[in-house]
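A short worksheet on the structure shown next.
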Amino acid sequence: MEPEYHSGDYVFVKLSVDLSDGDIGVFAYNGEAYIKQLRITDQGAYLHSLNPDYDNIQITADTDFRTIGEVVEVYREK
């Protein structure tokens, strides 16, 4: 999720499944954990990557997907 979040950062997460459009969350998708922005449109929902080097993830009824929680804070050692 660079440029906002970097490898080695500590991310504080509020456990919740009630996220809204635009929230940054931790999500499980096909057995992997991701920090991404939840986007909800008239066509459906997807996980948006702030890093342009990574693709968005489309969420469908058949997707192995769950919400873990909302990112509320990040700590980076200097």
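Details
- Of all residues in the stretch 1-17 being of a type in the set (A, V, I, L, M) and part of a loop (DSSP other than H, G, I, E, B), the one that is surrounded by the most Cβ atoms within 10 Å (Cβ to Cβ): M1
- Enumeration of residues in the stretch 37-78 that are in a strand (DSSP E or B), within 18 Å of V26 (Cβ to Cβ) and among the hydroxyl-bearing types (S, T, Y): Y46, T67, Y75
- Looking across S49, S20, one residue alone is surrounded by 17 or more Cβ atoms within 10 Å (Cβ to Cβ) and modelled with pLDDT of 90 or more. It is S49.
- Only residues that are buried (at least 18 other Cβ atoms within 10 Å of the Cβ) and of a type in the set (S, T, N, Q) were counted across the stretch 23-36, and they come to 0.
The values are calculated or read from the model by the stated rules, or taken from the named source; none is laboratory data. Given the structure is predicted, the values throughout are model-derived calculations rather than measurements. Note that each Cβ is placed from the backbone with ideal geometry, even for glycine, and that neighbours are counted across all protein chains shown.
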